[in-house]
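Asker: Questions regarding the structure given below will be posed in turn.
The values are calculated or read from the model by the stated rules, or taken from the named source; none is laboratory data. Only a predicted model underlies this, so the values are computations on that prediction, with no experimental measurement involved. Cβ placement follows ideal geometry from the backbone for every residue including glycine, while neighbour counts extend to all protein chains displayed.
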Amino acid sequence: MGHQTPFSGRGSRNASEDLRPKILQLNTEGLTADKISVIEQLAYKNKAFIIVLQETHCTSADKLVIPNFSLAGSVLSRNHGLATFVHERLEWSLVDQSPEKSETEWLCVDVAGYKIINVYKPPRSRLTPTTIPTFPHPSLHVGDFNCQHVNWGYNTTSPDGENLDSWATSNNLGLLYDPKKTASFFSRRWNVGTNLDLAFASLGQDSRLPDRRVLGKFPRSQHRPSLITPPRFKVPAHSDPVKRWNFRKAVWKRFCLLTDESVERLPPPDTSDIERANQDFCESLLSAAKQCIPRGLEVAWLAQNFQHNSTRV
């Protein structure tokens with residue numbers, strides 16, 4: 001088992017906006033190229049910007065590649081393994097993850113202030129109140145917990161299920177579960193649906209919980225994908241610097257003089273070549289503007305860029 005992950009990433013957007021980036025969660029029971037293709041299609045169809053996978057069974061991060069997504073965090077394992085992907089349009093940072101050789105695997109990724117904790121607890125491992133860490137609000141714990149409890153559809157409650165329920169209650173985490181909806185796991189052996197895959201969201205002052213919907217069957221996995229829509233939050237925008245006109249510092253008297261002089265050189269009003277006359281007029285205005293109106297990058301960006309380059313030197 002090992003860890004392989006970048007530290008942070010930044011997307012590129014033209015303007016800031018409020019988004020509700022949906023989260024796609026799935027226990028893949030072994031990630032393959034064909035499954036990656038299906039996951040990519042599911043994310044595109046459901047407008048999911050974050051993908052949280054369990055049981056990848058990958059020992060190399062080279063296989064953890066989804067087009068248009070960055071690998072924000074991973075736990076490499078032949079038998080288990082985790083991977084969290086964030087769309088290239090969003091900012092993210094890896095907050096923390098489980099120590100190597102931990103029975104229960106987890107990793108926390110921050111996406112624009114919203115902490116998403118990817119969890120996998122193997123069936124034979126034991127769950128204690130300190131097995132899974134908690135993080136400040138807003139946060140979402142999602143994954144395969146392998147715990148039975150009557151609160152999420154089982155007929156009996158196991159010791160691990162009791163510990164998980166107590167852990168959620170003591171840490172003010174709300175269970176995202178609707179008994180009327182499809183079960184997140186369907187056992188081919190027993191021909192019955194259960195809920196091994198769960199999600200817990202931190203409760204804020206408004207006590208609103210994210211929406212969670214279990215999707216249809218997934219090829220070569222007994223687990224069904226879940227789509228979680230957290231409350232709306234603002235995603236910061238970043239765009240490349242653009243030169244802009246500084247009209248406040250323009251020398252308007254000289255601009256008027258130059259444009260008056262250029263008019264005398266234009267074709268007569270009754271010319272037959274209207275397109276040529278329009279082009280000459282536009283070029284004369286642009287020439288006068290370049291001579292009389294300052295144009296450049298914003299000072300704040302220049303200072304930041306200068307400091308960055310100075311550090312590199």
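Asker: Any idea which of 136, 179, 123 is more than 21 Å from residue 26 (Cα to Cα) and assigned to a loop (DSSP other than H, G, I, E, B)?
Answerer: Exactly one of 136, 179, 123 is more than 21 Å from residue 26 (Cα to Cα) and assigned to a loop (DSSP other than H, G, I, E, B), namely 136.
Asker: Tally time: how many residues in the stretch 112-138 are aliphatic (A, V, I, L, M) and on the phi > 0 side of the Ramachandran plot?
Answerer: Number satisfying all stated conditions: 1.
Asker: Hey, does the stretch 211-233 have a residue that's surrounded by 15 or more Cβ atoms within 10 Å (Cβ to Cβ), modelled with pLDDT under 80 and under 26 Å from the mean Cα position of the chain (by Cα)?
Answerer: So far as the stretch 211-233 goes, no, none of its residues is surrounded by 15 or more Cβ atoms within 10 Å (Cβ to Cβ), modelled with pLDDT under 80 and under 26 Å from the mean Cα position of the chain (by Cα).
Asker: Would you mind stating whether residue 88 is modelled with pLDDT of 95 or more, out of contact with any helix residue (DSSP H, G or I) (no Cβ under 7 Å at 6 or more places or on another chain) and acidic (Asp, Glu)?
Answerer: Here the answer is no, as residue 88 does not meet what is asked.
Asker: Kindly list, by first and then second residue, each pair from a residue in the stretch 22-44 that is in contact (Cβ under 8 Å) with a residue 12 or more places away in the chain to a residue that is of a type in the set (Lys, Arg), limited to pairs with Cβ atoms under 6 Å and residues at least 6 apart or on different chains.
Answerer: So the pair list comes out as 22/47; 28/35.
Asker: Are any residues in the stretch 112-138 of a type outside the set (Phe, Trp, Tyr), farther than 20 Å from residue 160 by Cα and either modelled with pLDDT of 95 or more or not assigned by TED's automatic domain parsing to the domain that holds residue 169 (or both), and if so, which ones?
Answerer: Matches in the stretch 112-138: 115, 116.
Asker: Here's another thing I want to ask about it. Looking only at the stretch 182-204, which residues are within 24 Å of the chain's Cα centre (by Cα) and farther than 19 Å from residue 120 by Cβ?
Answerer: 202, 203, 204
Asker: Determine whether the stretch 133-148 contains at least one residue that is more than 25 Å from the chain's Cα centre (by Cα) and either of a type in the set (Gly, Ala, Ser) or surrounded by fewer than 19 Cβ atoms within 10 Å (Cβ to Cβ) (or both).
Answerer: Within the stretch 133-148, none of the residues are more than 25 Å from the chain's Cα centre (by Cα) and either of a type in the set (Gly, Ala, Ser) or surrounded by fewer than 19 Cβ atoms within 10 Å (Cβ to Cβ) (or both).
Asker: Would you point out the residue of the stretch 100-130, among those that are over 25 Å from residue 86 (Cα atoms) and touching a Leu at 6+ places or on another chain (Cβ under 9 Å), that is surrounded by the most Cβ atoms within 10 Å (Cβ to Cβ)?
Answerer: 127
Asker: Output the number of residues of the stretch 241-293 satisfying the condition of being among the basic types (Lys, Arg) and in contact with a strand residue (DSSP E or B) (Cβ under 6 Å, 6 or more places away or on another chain).
Answerer: Count: 1.
Asker: Something else now. Does any residue of the stretch 66-80 turn out to be at pLDDT 95 or above, more than 17 Å from the chain's Cα centre (by Cα) and within 19 Å of residue 40 (Cβ to Cβ)?
Answerer: No, because not a single residue in the stretch 66-80 is at pLDDT 95 or above, more than 17 Å from the chain's Cα centre (by Cα) and within 19 Å of residue 40 (Cβ to Cβ).
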